[in-house]
1. Along each principal axis of its Cα atoms, how long is the chain end to end? Whole angstroms, biggest number first, please.
2. Pick out which of Val91, Val296, Val244 has the largest mean-square fluctuation in a Gaussian network model of the chain, springs linking Cα atoms closer than 10 Å.
3. Carbon and sulfur atoms: what percent of the 1.4 Å accessible area of the range 2-296 do they account for?
4. Expressed as an acute angle from 0 to 90° and rounded to the nearest 10, what is the orientation of the C-alpha long axis of helix 280-289 relative to the principal long axis of the chain?
5. Looking at this model, which pairs from Lys50/Lys210; Lys68/Lys271; Lys211/Lys251; Lys141/Lys259; Lys50/Lys141; Lys210/Lys271 are more than 31 angstrom apart at the alpha-carbon?
6. Enter the accessible area of Ile69 (Å², nearest 10), with the probe set to 1.4 Å and all protein chains included.
7. Below 10 angstrom from the Cβ of Leu225, what's the summed charge of the other residues (Lys, Arg +1; Asp, Glu -1)?
8. Placing +1 on the Cβ of each Lys and Arg and -1 on the Cβ of each Asp and Glu in the chain, which of Gln199, Gly145, Leu156 has its Cα farthest towards the positive end of the resulting dipole?
Amino acid sequence: MVRASSWWERHGVDCSILALSLLALPPENVLVFVLGITILGVCHYTLTVKGSHLATHGALTESRRWSKIWAHFFVEVCTAFPAEDARYGHVKMHHGYTNVLGLGDSSTWRLPCLNRYVYMFLAPLLIPIITPLVAVERLRKVRLGAALRALGLISLGLYSHYWLLRHVSGFRSPASALACMLCTRSLLAHPYLHVNVFQHIGLPMFSRDKKPRRIHMMSLGVLNLPRLPVLDWAFGHSIISCHVEHHLFPKLSDNMCLKVKPVVSQFLREKQLPYNEDTYLARFRLFLSRYEELLVHAPPITELAGLQ
């Protein structure tokens, strides 16, 4: 199915969405301010979440050279995070050891010091501030040349956002431009945090020495949410409604994950393997009611007799 698909299906649809988001970033005449903030916020998350995710996996192009260029642009310039660190943490650890305790168990999203209401409602607002701070801390551990390149690109991205707001969008003071940056970068922070915990935590977890085969690990430890128009656009199908497909085929673009979804779901059900699906609201209620069990205490290890 993938080989028979055209370039437009494999890469063109997702690249077009990212291009539209770039073009929409600096509106000159926004009639309704709230609508303008919303547009800027959705465009920002399309570039930073969808763009960074696809670029990190090399799903935007089949060229290795361009994949590296896009990764530096979307992850460092747009998202303010080191590309190499994102690739290691997400591709090598999270995808390589999905739901394996101590490796790819999504434990970086746990903050046991916070209560359920602070974590679910207030903590996401700090993500735009915490992200560049974490980036600087991570850069202390890499070689000097890579650290300087990443720091330069991150600084370029943050200043470019500020410059566009001051000189193109017409914000008159530095304070108003910085406030707009914070608002747009926080617009979808709540679903961003929620989705990252909803789709893995609360599902079976495995030990390092007894993890099952890849097909069982992905079918048991990954969950799809239903299609949600705004989140599908800003985060991408591979993060929202095709997360199972994405974990099975991480190099496929969002559009291709959506295309193979019926085949994957049918295959898993024919093999009597789980195909986890749930709604955003149901997962939100689950995590709010069982917060300590799911996000504070260490999860139990699932033993699968005969599948290791």
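The values are calculated or read from the model by the stated rules, or taken from the named source; none is laboratory data. Every value quoted in this text rests on a predicted model; they were computed, and no experiment measured them. In this analysis, Cβ positions are derived from the backbone assuming ideal geometry, glycine residues included, and neighbour counts consider all displayed protein chains. Just the protein is used for accessible areas: all its heavy atoms, side chains included, with ligands, DNA and RNA removed. Shrake-Rupley method; radii C 1.70, N 1.55, O 1.52, S 1.80 Å.
1. Per principal axis, max minus min of the Cα coordinates gives 65, 50, 44 Å.
2. Evaluated over the chain, the most mobile residue of the options is Val296.
3. After summing per-atom areas, the C and S share lands at 65 percent.
4. The two axes meet at around 80 degrees.
5. Check vs 31 Å cut-off fails for Lys50/Lys210; Lys68/Lys271; Lys141/Lys259.
6. Approximately 70 Å² for this residue.
7. Computed value for this residue: -1.
8. Gly145
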